[in-house]
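Data first, discussion second: the structure below is written as structure tokens.
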Amino acid sequence: MSVKRDPRYDVLFDTVSIGPVTAPNRFYQVPHCNGMGRMFPDSMISMRGMKAEGGWGIVTTEQCDFHPTGDVQPFTETSMWDDGDLPYLTAMVDAVHEHGALAGIELVHNGQDSGCLYSREVPIGPEHRPVTWHQHPIQARAMSRDDIRNYRRWHRKAALRARRAGFDIVVVYAGHDGTVPSHFLSRQSNQRSDEYGGSLENRLRLYRELIEETKEAVGDAMGVVARFAVDEMMGADGLEWASEGKEAIEMLAELPDMWDVNVSDWENDSMTSRFAQEGYQEEYISFVKSVTSKPVAAVGRYTSPDTMVSAIRRGVVDMIGAARPSIADPFLPAKIKAGRPEDIRECIGCNVCAAWNNLSAPSRCTQNPTMGEEWRRGWHPETISPKESDSTVLIIGAGPAGLEAALGLGKRGYDVILAEARIEAGGRVSRESRLPGLNEWARVRDYRLGQIERLSNVRIYLESEMDAGQVQEFGADAVALATGALWRNDGVGRSIRFPVPGCEALTPDDIMDGKRPHQPGSAVTVYDDDHYYMASVIAEQLASEGYRVTLATPGMCVASWTEYTLEQRHIEKRLLNMGVEILTRHELSAVEAGGLRLANTLTGDTREREGSVVSVTARLPRDELFDALKGKISVWRIGDCFGPSIIAAAVYEGHRYAREFDAEIDPDGVPFNRTRYSLQH
């Protein structure tokens, strides 16, 4: 029985004219990095094609570097330095066009952010400045007028190549404080005294020239989009939307065919759900439609069709821009169109996708385990092969791995029994989503439970802890253990390899179970050798309850790994504002009655602290059941039970188990496709 689309959402499927081209709907996959690009082009092409198949009306590349002086190695973006880059970009265009979407390309030169580690060219920018990314010991040289003319010519040639590749849209990029035009615009980077510096009009001159010259070169065949940051999020020291940001849009209002507006820099534009809600950029960009007649697009981690419609009806935007939501669910538009919005895998705003790109690795997604695997493993986000036997599968543990495995196996047609020891499903997702700022992470559980409810061949039994004898007696054809992992309480982690004397600390598991260190108002040290989010949310939780909290870490900053998820500064600022004391470069050395001892990792000097300890260091898999069953029945470990990691890894391993069940797997083979390159001598 077909389901009709709710007429409230019809407006999302209106066509939108963008210069000489027409978008088939209002869904715009904005340029977004993905860790594939030129290094793993087959994966990138299939990933973009999947977005088009899923109904995104415009599908755009990540940033496309167009000259060797803008080399951003080791980041794996696309590039178009010469005609040799056209074949794989043309293949991406074809993959997008196959499903009726428009293909866009974002032309980028990162200027003073470019280390040129591969090209060995000297970076360029508005002034003589040290390269900003990774604090490379390299300086960008100030661009002369000749350099500026050369730069404009390179950009124009790249636009012409893009037209030859078949692209429908070219994005002229001045956002995220990461491109030559944005550096010229920013007073922080541009104190020139010529016609390209000083006044806003002068600082905007280069961007105006790029738009005008791109329109002249390809505007008869391609839509020209201005991607522009209206606020640098640094107050009066930078561009502000209510003053220069608005003035800049007014000066260029009718030049491009569409405006794609956001805020700078990337960590502000792509804030995690811990620090920003859906549609949070509207207060900065809502003025744009009042100063231009051209279509306006913006992002805001929109996942709800009601919120999308509201943004359009209120005159905030014409196009719903999305990066992360299009990763979490490439078929988001198709599901709304088919009257199935409840089937959307909503982005949880964890920024794992950004982290893997920042690690120069193919992006992954907590919600969508098929992200990056479309070509590599041939995984489609919406389809899975039917069952190959009548096997019954018992899954122990209804956390992220267990739920995903049950859903995948159930969709294949297997009979699945999911046994969960606790009173609720979700495992670590349910528990962690109650910590400060992580409530949207519960979507990992809720999506899977909602899908499983429709499968009559999957049954969930809560409060059903099983021992080895009960598992054997059950008689399932296969058993998957998704029993998770527990945090260590002895201080052992990355820096400390042997138990800390006297340490029997509380752990995040204890805190999530409701245990607390003495009474509120007492001192507690959260010791972080994990370096991701957990220690900071535990510290935030305890500080909000009135404890005197110190966060100590052997790292050089709080939650250092969250630099990859773009939230480290937001985390540290929040903790400081809550009165949390921060001690970096300190290692836990002993725990004694009523206190603890910390050692400076450089000098060895120690300091005494009163109070309790919460140890956030490492986890141990709960695999005792596996040891008891191994060799007696067909049993597998998945998720944290197999190898403790992040939630995205648990979901992936659960999905992989479902995909590979009943398949013959070569234990010595490479389990995925790899891009092959021909050698040139």
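The values are calculated or read from the model by the stated rules, or taken from the named source; none is laboratory data. These numbers were taken from a predicted model, which means no experiment stands behind them. Note: ideal-geometry Cβ built from the backbone for every residue, glycine included; neighbour counts use all protein chains shown.
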* Select from the range 368-403 the residues that are closer than 20 Å to residue 665 by Cβ and hydroxyl-bearing (Ser, Thr, Tyr) and list them in ascending order. => 370, 385, 389, 391
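Can you tell me which residue among 108, 131, 122, 93 is in the same structural domain as residue 73 (by TED's automatic domain parsing), among the hydrophobic types (A, V, I, L, M, F, W, C) and surrounded by fewer than 15 Cβ atoms within 10 Å (Cβ to Cβ)? Reasoning before the result, please.
Numbers: 108 fails: surrounded by fewer than 15 Cβ atoms within 10 Å (Cβ to Cβ); 131 fails: surrounded by fewer than 15 Cβ atoms within 10 Å (Cβ to Cβ); 93 fails: surrounded by fewer than 15 Cβ atoms within 10 Å (Cβ to Cβ).
The conditions single out 122.
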* To do: Check whether at least one residue in the range 419-428 is hydrophobic (A, V, I, L, M, F, W, C) and surrounded by 24 or more Cβ atoms within 10 Å (Cβ to Cβ), and report yes or no.
  => no
* Asked: Do we find that residue 72 is within 18 Å of residue 332 (Cβ to Cβ), in the same structural domain as residue 166 (by TED's automatic domain parsing) and not charged (D, E, K, R) in this structure?
  -> no
* To do: Search the range 135-150 for residues that are assigned by TED's automatic domain parsing to the domain that holds residue 206 and pair each with any residue that is aliphatic (A, V, I, L, M) and surrounded by 14 or more Cβ atoms within 10 Å (Cβ to Cβ) when their beta-carbon atoms are under 7 Å apart and the residues are at least 6 apart or on different chains.
  => 138/131; 139/131; 140/124; 140/131; 141/124; 143/124; 147/124; 148/206
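Just checking, how many residues over the range 432-450 are surrounded by fewer than 19 Cβ atoms within 10 Å (Cβ to Cβ) and not in a loop (DSSP other than H, G, I, E, B)? Break it down into steps so the answer makes sense when it comes.
As a first pass, look at the range 432-450 and keep what is surrounded by fewer than 19 Cβ atoms within 10 Å (Cβ to Cβ): 434, 436, 439, 442, 446, 449-450.
Next, only the ones that are not in a loop (DSSP other than H, G, I, E, B) stay: 439, 442, 446, 449-450.
Looking only at that region, the number is 5.
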* **Unmet criterion (only one of (1) in a helix (DSSP H, G or I); (2) in contact with a strand residue (DSSP E or B) (Cβ under 7 Å, 6 or more places away or on another chain)) for residue 356** => (2)
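Give the range 630-657 a look and list any residue that's of a type in the set (A, V, I, L, M, F, W, C) and crowded, with 19+ Cβ neighbours inside 10 Å, or say none. Lay out the reasoning, then the answer.
So the first thing to find is which residues in the range 630-657 are of a type in the set (A, V, I, L, M, F, W, C), and the list is 633, 635-636, 638, 641-642, 646-651.
Residues satisfying the conditions are 635, 636, 638, 641, 642, 647, 648, 649, 650, 651.
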* Structure fact -> By residue number, the members of the range 244-277 that are surrounded by fewer than 21 Cβ atoms within 10 Å (Cβ to Cβ), over 18 Å from residue 186 (Cα atoms), touching a helix residue (DSSP H, G or I) at 6+ places or on another chain (Cβ under 8 Å) and not aliphatic (A, V, I, L, M) are 275
* **Members of the range 3-55 that are outside any loop (DSSP other than H, G, I, E, B), among the aliphatic types (A, V, I, L, M) and under 16 Å from residue 168 (Cβ atoms)** => 16, 18, 21, 23, 52
* Asked: Does the range 606-613 include one or more residues that are crowded, with 18+ Cβ neighbours inside 10 Å and in contact with a Pro (Cβ under 9 Å, 6 or more places away or on another chain)?
  -> yes
* Asked: Which of the residues spanning the range 458-472 are part of a loop (DSSP other than H, G, I, E, B) and among the polar types (S, T, N, Q)?
  -> 464
* Of everything in the range 56-73 that's part of a strand (DSSP E or B) and within 30 Å of residue 125 (Cα to Cα), which residue is farthest from the chain's Cα centre (by Cα)? -> 65
* Selection count where residues are part of a loop (DSSP other than H, G, I, E, B) and either of a type in the set (S, T, N, Q) or touching a Ser or Thr at 6+ places or on another chain (Cβ under 8 Å) (or both), scope the range 400-421 -> 3
* Structure fact -> Taking the range 593-611 and keeping residues touching a residue at least 40 places away in the same chain (Cβ under 8 Å) and either part of a loop (DSSP other than H, G, I, E, B) or more than 14 Å from residue 555 (Cα to Cα) (or both) leaves 596, 601, 609, 610, 611
* To do: Please specify each residue of the range 203-237 satisfying the condition of being in contact with a helix residue (DSSP H, G or I) (Cβ under 9 Å, 6 or more places away or on another chain), farther than 14 Å from residue 152 by Cβ and surrounded by fewer than 19 Cβ atoms within 10 Å (Cβ to Cβ).
  => 221, 233, 236
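Each row is one residue, and each column tells you yes or no for (1) assigned to a helix (DSSP H, G or I); (2) of a type in the set (S, T, N, Q).
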{"residue": "148", "(1), (2)": "yes, no"}
{"residue": "151", "(1), (2)": "yes, no"}
{"residue": "154", "(1), (2)": "yes, no"}
{"residue": "158", "(1), (2)": "yes, no"}
{"residue": "171", "(1), (2)": "no, no"}
{"residue": "177", "(1), (2)": "no, no"}
{"residue": "188", "(1), (2)": "no, yes"}
{"residue": "192", "(1), (2)": "no, no"}
{"residue": "197", "(1), (2)": "no, no"}
* Asked: Being farther than 30 Å from residue 88 by Cα, among the hydrophobic types (A, V, I, L, M, F, W, C) and free of Cβ contacts under 8 Å to residues at least 12 places away in the same chain, is that true of even one residue in the range 669-679?
  -> no
* Within the range 239-276, track down each residue that is part of a loop (DSSP other than H, G, I, E, B), of a type outside the set (Asp, Glu) and either over 19 Å from residue 179 (Cα atoms) or modelled with pLDDT of 95 or more (or both). => 252, 253, 255, 256, 271, 272, 273, 274, 275, 276
* To do: Output yes when any residue across the range 56-77 is at pLDDT below 95, among the hydroxyl-bearing types (Ser, Thr, Tyr) and out of contact with any helix residue (DSSP H, G or I) (no Cβ under 6 Å at 6 or more places or on another chain), and no when none is.
  => yes
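Please work out if residue 318 is within 21 Å of residue 262 (Cα to Cα) and in the same structural domain as residue 286 (by TED's automatic domain parsing). Break it down stepwise before answering.
Values: within 21 Å of residue 262 (Cα to Cα): yes; in the same structural domain as residue 286 (by TED's automatic domain parsing): yes.
Taking the combined requirement at face value, the residue satisfies it.
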* Asked: Do you know which residues across the range 1-26 are of a type outside the set (Lys, Arg), closer than 26 Å to residue 259 by Cβ and out of contact with any Lys or Arg (no Cβ under 9 Å at 6 or more places or on another chain)?
  -> 10, 17, 20, 21, 22, 23, 24
* Of all residues in the range 278-310 being crowded, with 23+ Cβ neighbours inside 10 Å and small (Gly, Ala, Ser), the one that is farthest from residue 58 (Cα to Cα) -> 300
* Name the one entry in 625, 566, 583 that is at pLDDT 95 or above, under 21 Å from the mean Cα position of the chain (by Cα) and surrounded by fewer than 23 Cβ atoms within 10 Å (Cβ to Cβ). => 566
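Could we say that residue 169 is of a type in the set (A, V, I, L, M) and farther than 26 Å from residue 57 by Cα here?
The answer is no for residue 169.
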* Could you say whether any residue in the range 361-382 is within 28 Å of residue 561 (Cα to Cα) and of a type in the set (Phe, Trp, Tyr)? -> no
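Among the listed residues 491, 521, which satisfies the condition of being of a type outside the set (Lys, Arg), touching a residue at least 24 places away in the same chain (Cβ under 8 Å), in a loop (DSSP other than H, G, I, E, B) and exposed (fewer than 15 other Cβ atoms within 10 Å of the Cβ)?
521
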* Test residue 627 against the stated conditions and say whether it is part of a helix (DSSP H, G or I) and of a type outside the set (Ser, Thr, Tyr). => yes
